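Contents: one structure, followed by commentary.
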Amino acid sequence: MELEVLDHGGHGPALVFLAGMGNTGHVFDELAPRFTTHRHVWALTRRGVGASSWPEQGYDTATLGLDVVHALDALGIEKAALVGHSIAGTELTWVGIHFPQRIERLIYLDAAYARAELKDLPSPSPPTP
């Protein structure tokens with residue numbers, strides 16, 4: 001499983017952006033550099049989107065949350081501030097509940113959904129060349 005990881009650079013504690021549904025980490029290309037004076041900033045693209053892997057399964061909240069934790073591990077980040085837009089709020093909450101020792105803070109950007117309707121969302125499919 002490979003996630004697209006964008007390293008915006010910077011100095012200081014880790015700040016990791018998680019994109020909303022259908023967006024890649026590039027959605028933060030203008031915003032993320034504004035924090036590099038005081039933070040080392042990354043942006044992740046979840047599985048099934050953009051340049052990240054497109055497995056047939058693993059789109060449940062727990063697996064997506066574990067993807068975030070595994071990305072932190074791969075980057076050598078022990079503790080991070082996570083910023084999630086839209087549906088990434090569910091990943092933030094899951095990581096915060098199951099790995100609180102890895103979280104400095106959780107920042108939700110417009111992250112509210114009627115969870116009962118999430119089952120009706122289409123399954124991702126890879127882009128066609």
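The values are calculated or read from the model by the stated rules, or taken from the named source; none is laboratory data. The structure presented is a predicted model; accordingly, all values stated were derived computationally and were not measured. With ligands, DNA and RNA removed, areas are computed over all heavy atoms of the protein, side chains included. Shrake-Rupley method; radii C 1.70, N 1.55, O 1.52, S 1.80 Å.
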- Query: Just by accessible area at a 1.4 angstrom probe, what is the order of 104, 78, 56, 4 from largest to smallest?
  - Reply: 56, 78, 104, 4
- Item | Given (i) 2, 9, 15, 22, 18, 13, 11, 7, 3, 1; (ii) 2, 8, 12, 14, 16, 17, 17, 11, 2, 0; (iii) 2, 11, 22, 26, 21, 11, 5, 2, 0, the label whose value is P(r) over Cα pairs in 5 Å bins from 0, in percent derived from this model | (iii)
- Query: Rounded to the nearest 500 deg cm²/dmol, what is the calculated helix-only ellipticity per residue at 222 nm for the chain, with -39500 (n - 2.57) per DSSP H run of length n ≥ 4?
  - Reply: -6500 deg cm²/dmol
- Task: For segment 13-79, with all protein chains present and a 1.4 Å probe, just round the carbon and sulfur fraction of the accessible area to a whole percent.
- Result: 53
- Note on the structure: Averaged per residue, the 1.4 Å probe accessible area of the chain, protein heavy atoms only, in Å², is roughly 56
- Item | Sequence-distant residues sharing a close amide H with residue 87 (under 5 Å, placed H) | 21
